[in-house]
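What follows draws every value from the coordinates through simple rules; no lab data is involved. Fair warning: this is a prediction, and the values are worked out from it, not measured in the lab. A quick note on method: Cβ atoms are made from the backbone with ideal geometry, for glycine too, and the neighbour counts reach across all protein chains shown.
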Amino acid sequence: MTNTVVLIDARLGPVLPAAALRVLRSADVVYAGSDLPADLVSALGIAPPPDVFPDDAVVVIAAELTEPAAARLFAAGAAVVGTPAPDGAELLSAVAVMDRLRSPGGCPWDAEQTHDSLRRYLREETYELLDAIEDGDRAALREELGDVLLQVLFHSRVAAEDAVDPFGVDQVATDLVGKLVGRHPHVYAGGDPAVRDAATQEHRWEELKQAEKQRESCVDGVPLDSPAVSLAAKLTQRASRAGLPADLLPDHELFALAAAAAAAGDDPEGELRTTARRFAADLRAAERAAADAGVDPRGLDVAAWRKYWPR
């Protein structure tokens, strides 16, 4: 047997690649790389490598091929055994960083935060993510998705410290998996005749959700602190599913506009947001054009404003 380097993912703890089992069973001696955590070395029951390796049947377990002992063995012609990290492996690193920041000796600011104090950051990061999506900015989209993920990790870490009802990120993920599997019986339960396309799946989702939540009212679960246009649209959708006649919707012009958009399958919040962003961009451009012409836009009449307004 040739000498071998076994690469492990330290984020997974004392877990060895399945492909390494045969190698380890036939090895004369196994050494631990210097980049392994002490608890992992202890769990594996192996020793640091010597200055001079035996001729053959030697295995060095390390996290990186650049680790000195692993690099020396590899340079001498050793084989390398490892397992590619699964999708989502970096989430473990993100959880570990959040735990470090929140724990004693971490960041004082992070340690002081509560669910309530973090609310505004979740709101801000969500809207920044929406901006990135609307702008089509891929770099910003990637960054803002990370910032929203941070909020999930942060709230989960705070929740884990609750004295009465603690739960952590694993429980959050477990509940999510259960929800996704339970609401996709056409995927995970051998089929569902009620699901034929995306529209029927959306309807089936709501049926399963209603049964799961055992809600007494069609408006139970609607976040009432949502932006007003989104709230009106959501309430209209729920009322329609409950069979409420349209004549009983609130007699308010703005509510009626949101209700009509929702009934047409549109997103009134998104449409209004797009219009508002376009208006802000046009206003900024008009101010810049006026300034370039040496004109103070304040006090201009409509005709003068139109002169500088983007065509």
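A few remarks follow.
- Ellipsoid equivalent to segment 1-119 - semi-axes via the Cα gyration tensor, in Å: 36, 14, 11
- Partners for K179 among lysines (Cα-Cα distance below 26 Å; same-chain residues under 8 apart left out): K209, K213, K234
- Relative to one another, the C-alpha centroids of segment 212-287 and segment 37-74 are positioned 61 Å apart.
- For V80, residues with placed amide H under 5 Å, excluding near neighbours: V5
- In the chain, one over the average inverse separation of all distinct C-alpha pairs is 25.8 Å, which is the Kirkwood hydrodynamic radius.
- In segment 1-119, Cα pairs under 8 Å separated by at least six residues give a relative contact order of 34 percent.
- Tensor-based shape of segment 154-311 (alpha-carbon gyration tensor, a/c under 1.5 rounded, otherwise prolate or oblate): prolate
- Along each principal axis, taking the top coordinate minus the bottom one, the Cα set of segment 256-311 gives 48, 17, 17 Å in descending order.
- GNM top mover of D266, D162, D87 - the chain, alpha-carbon springs below 10 Å: D87
- Against the main long axis of the alpha-carbon atoms of the chain, helix 228-241 sits at an angle near 90°.
- Computed over segment 173-260, Cα set: Rg, Dmax in Å: 15.4, 47
- Were the residues from A189 through D292 laid out at 0.36 nm apart, the gain over their Cα-Cα distance would be 30.6 nm.
- Unit Cα scatterers, Debye sum, segment 124-168: log10 I(q)/I(0) for q = 0.13, 0.30, 0.31 Å⁻¹: -0.38, -0.93, -0.96
- Seen against the Cα atoms of the chain and their longest principal axis, helix 268-292 is set at about 80 degrees.
- Above 29 Å, the calculated P(r) of segment 77-235 contains 39 percent of its Cα-Cα pairs.
- About its Cα centre, the dipole of segment 232-286 is roughly 280 debye, where the only charges are +1 on Lys and Arg Cβ and -1 on Asp and Glu Cβ.
- Here the gap between R278 and S217, fully extended at 0.36 nm per residue and compared with their Cα-Cα distance, gives a gain of 18.2 nm.
- Using only side-chain charges placed at the Cβ, +1 for Lys and Arg and -1 for Asp and Glu, the dipole size of segment 1-107 relative to its Cα centre rounds to 200 debye.
- The GluC sites (Glu not before Pro) found in segment 100-168 that occupy coil by DSSP, while having at most 12 further C-beta atoms within 10 Å, are E161.
- Taking Cα centre as origin and charging only the Cβ of basic (Lys, Arg, +1) and acidic (Asp, Glu, -1) residues, the dipole magnitude of the chain rounds to 520 debye.
- For segment 122-131, the Karplus equation 6.51 cos²θ - 1.76 cosθ + 1.60, evaluated at θ = phi - 60°, returns couplings of 4, 5, 4, 5, 5, 5, 5, 5, 4, 4 Hz by residue, with Gly and Pro reported as x.
- Of the residues Y127, L91, A140, the one whose Cα sits farthest toward the positive end of the charge dipole of segment 35-145, with +1 on the Cβ of Lys and Arg and -1 on the Cβ of Asp and Glu, is L91.
- Of P68, V23, A289, farthest towards positive along the dipole that unit charges on Lys, Arg, Asp, Glu beta carbons give the chain: A289
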